[in-house]
Amino acid sequence: MSKGKYAVIGHPIGHTMSPFIHKRLFELSGVDAEYGVIDIPAEQLSEQYRSILKGLDGYNITIPHKTAIIPFLDELHPKAKLYGSVNTVCNRDGVSTGFTTDPDGFLKALSYAGIPLSGRVVILGCGGVARTMAYEALLNGASVEFVIRSGSVDKARALISEIKTSLNAATVSFCEFSELGGDIDTLINATPVGMSPRTDICPVGDEVIKKCNNVYDAIYNPLETVLIKKAKSFGSRAGGGMSMLVWQAVVAHEHWDGSFYDPKDIERLCTDAARELENR
């Protein structure tokens, strides 16, 4: 049986953690495969798709190709259609299928952290990550409230309008940080506040964190942000973004070769990936 060929594509792409994570996942599953990095400027995607990408067994996609790759593919998974984005492609029997693994990676990360996606879910921010998390929370029957800065009101209104068009029964709203209050079932940070190198700051005050049953921070560098440390100290269940980064990679392997993994191995991989990031 020939060695599988996989890669991550994007531009620029020198910072990617994908090779570290995916090579470890291939080792854990015992699948004989190589995994590379291919830097493809936007204007070269069509040429490189024909000459290189069609010859791979599968590949991951990062900025700026997540939407641009779609017209080249034969099929789209339903969630890729919903989000209008692809971060994983599987080439099998001459058919290229596009997936987005972020939503399922997010759900798995929360599940293994013991964090339910129900009740009142408050999401800090209203960008791309917040959009994915909001859809998944709403599809799970939760209500969603975006918390934004005053300059993001128009963006929040546009996102809420889009969500309500797709999911007419969705209970979704927004408020500014100064207006946030009340008990919160799950608080999710989808902003960069607290990310390296500014690791000493927290997106919300203690009075908010103390009212949260669960806290999830999408930031993966550092492994534990100030928000997560505070949440744990106040007795809340809490998890960080490295788990989502690794679990979405796990979902890619499920699509590529059907591999499944021991959660303890994934937990160790999250720790090792965080250490690798620090060393860089």
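No value in this document is a laboratory result; all are computed from the given coordinates. Keep in mind that this is a model prediction, so the values were computed, not measured. Virtual Cβ from ideal backbone geometry, glycine too; neighbours counted across all protein chains shown.
Annotations for the structure displayed:
- Simple rule: put +1 on each Lys or Arg Cβ and -1 on each Asp or Glu Cβ in the chain, find the dipole, and look at G258, Q48, N87; the Cα lying farthest toward the positive end is N87.
- Highest mean packing first, where packing is the average number of other Cβ atoms within 10 Å per residue, the peptides 46-52, 233-239 line up as 233-239, 46-52.
- Computed FRET value (nearest 0.05) for A42 with K232, which takes r as the C-beta separation and R₀ as 41 Å: 0.45
- Only Lys, Arg, Asp and Glu carry charge here, each on its Cβ (+1 for the first two, -1 for the last two); on that basis the stretch 4-100 has a dipole of about 240 debye about its Cα centre.
- Pairs of lysine residues in the stretch 140-249 that meet both criteria, 8 or more places apart or on different chains and Cα atoms under 18 Å apart, total 7.
- Taken as Cα centroids, the stretch 207-261 and the stretch 111-125 sit 10 Å apart, rounded to the nearest whole angstrom.
- Antiparallel %, DSSP beta bridges [both residues in the chain], to 5: 20 percent
- Residues M17, M242, sorted so that the one with the fewest Cβ neighbours within 10 Å comes first: M17, M242
- Separation of the K54 and S259 label points, Cα + 7 Å toward Cβ, nm: 2.8 nm
- Candidate values (i) 146; (ii) 135; (iii) 178 were compared with volume of the Cα convex hull per residue in Å³ computed on the shown model; the agreeing label is (ii).
- Look at the dipole of the chain built from charges on Cβ: of C270, V122, S196, the Cα furthest out on the positive end belongs to V122.
- Residue-count net charge about S236 - beta-carbon cut-off 9 Å; Lys, Arg +1, Asp, Glu -1: +4
- The distance linking the stretch 1-69 with the stretch 144-179 is 34 Å (Cα centroid to Cα centroid, whole angstrom).
- Crossing angle, helix 241-257 versus the chain [Cα axis fit, 0-90 degrees, rounded to tens]: 30 degrees
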